[in-house]
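Scroll down for the structure; my scribbles are underneath it.
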Amino acid sequence: SAYNKVIQLSQAEADAGRVAIVIGVGALATGIMVSVFITIGITRPLSVIEKKTREIAGGDFESDLKLSSPPEIAELAQAFNTMCAKLKEIDRMKSDFFKSIIDQLEPFAFNVNLYGSGEPLLFPEAYEMMRYAADKNIGVRVSSNLSMKDFTDEMAEKVITSGIEHLIISCHGAS
């Protein structure tokens, strides 16, 4: 009968509505899960890169970044590794240049001042350079504000054992 067909059609319409809602909710949940995984795949490598950036700022150029995905992040990691290698080479060149100058001036120099161009203790090779000059009987004077937030007891020990004669500590803005 026509009435039964109308009821069946109405019931089919309600079933179709429920199926559409279930499919919509499923698609939404799938979309949310995919976006979470994509976000994690991007943010985790970026947090590793951020950590490495802080290490570089502290003068640590040693460890390589090993990130493989996504490809754009892997390329960025490779560029970071190249930059670290170049910065490490530049630091070595600075140290070698300093040693060369000390060797040439050893017969004439009695004192070397390491200040006036920034914070000398941020340079990772500074302690070795100070020791090198002191071992050549050349006095070393260092000026620092020691305001580096990561100034550790180990760094303080290196300053003390580096052979410096004078440590000038600047207290800018102190009251």
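For this structure, a couple of remarks:
- Hits in the stretch 131-167 (condition: among the polar types (S, T, N, Q) and in a loop (DSSP other than H, G, I, E, B)): 137, 145, 147, 152, 162
This table checks each residue for (1) touching a strand residue (DSSP E or B) at 6+ places or on another chain (Cβ under 9 Å); (2) surrounded by 13 or more Cβ atoms within 10 Å (Cβ to Cβ); (3) assigned to a loop (DSSP other than H, G, I, E, B); (4) in contact (Cβ under 8 Å) with a residue 12 or more places away in the chain.
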site	(1), (2), (3), (4)
59	no, yes, yes, yes
76	no, yes, no, yes
88	no, yes, no, yes
102	yes, yes, no, yes
112	yes, yes, no, yes
129	yes, yes, no, yes
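- Residue check for residue 47: in a loop (DSSP other than H, G, I, E, B) and out of contact with any Pro (no Cβ under 6 Å at 6 or more places or on another chain): no
Every read-out reported here was derived from the displayed coordinates using simple, explicitly stated rules and does not represent laboratory data. Everything numeric in this text was worked out from a predicted model, so none of it was measured. Cβ atoms come from the backbone with ideal geometry, glycine included; neighbour counts cover every protein chain shown.
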